[in-house]
Amino acid sequence: MGCIAFISISALAQSKVVTATIKVYGNCIMCKKRIETALDYKGIKKAEWSAKTKELVVVYNSDKITEKKIHELVAAAGHDTDQVKAKQETYAALPFCCLYRDHDHSGVID
Ligand SMILES: [Cu+2]
């Protein structure tokens, strides 16, 4: 009985935590650091981006932040998502190796 009660309480506590997979464009390990650092933000528990798959897995509390805001944070760091594009001037300020719109390093570095 004790165990069952514990499980239902913990499920309730986690009901606002959402895991989303978002397509984010980038090239390399520097992009990864930039994207993940941009998501060191209130309400976001975990953010992990793969240079190989271009997929960002983000775990967040939907009471504190929206998925749209997450897209905006990524775009503000210079990276396009499938929903929000980075401003050209922000993109252009990225280091050469990170200019994913101009060249793609898919599969070269994970
Ligand atoms: Cu990069």
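So the values come out like this:
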quantity: Neighbour-count order for Ile22, Ile35, fewest beta carbons within 10 angstrom listed first; calculated: Ile22, Ile35
quantity: Nearby aspartates and glutamates by direct alpha-carbon distance to Lys87 (threshold 17 angstrom, same-chain neighbours under 8 apart not counted); calculated: Glu72, Asp102
quantity: Long-range lysine pairs (8 or more apart or interchain), segment 39-84, Cα under 21 Å; calculated: 13
quantity: Relative contact order %, segment 16-98, counting alpha carbon pairs below 8 Å whose residues are six or more apart; calculated: 34
quantity: Rounded, prolate or oblate (a/c below 1.5 giving rounded, otherwise prolate when a/b exceeds b/c) for segment 16-98 by Cα gyration tensor; calculated: prolate
quantity: In sequence order, calculated HN-Hα J values of segment 90-95 (Karplus, 6.51, -1.76, 1.60; Hz; x Gly/Pro); calculated: 5, 4, 5, 7, 6, x
quantity: Long-range HN-HN contacts of Asp104 with modeled amide H, under 5 Å; calculated: none
quantity: Simple spin-label estimate for Glu72 and Thr19 in nanometres, 7 Å along Cα-Cβ; calculated: 2.7
quantity: Table column - 3J(HN,Hα) (Hz), segment 39-50, Karplus curve with 6.51, -1.76, 1.60, x for Gly and Pro; calculated: 9, 7, 9, 3, x, 9, 8, 7, 9, 9, 10, 10
quantity: Karplus (6.51, -1.76, 1.60) ³J(HN,Hα), θ = phi - 60°, over segment 23-32, in Hz, Gly and Pro reported as x; calculated: 6, 10, 8, x, 10, 9, 5, 5, 4, 4
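Bear in mind that the values in this text are calculations on the coordinates, not laboratory data. Please read all numbers here as calculations on a predicted model, not as lab measurements. Neighbour counts run over all protein chains shown; Cβ positions are idealised from the backbone, glycine included.
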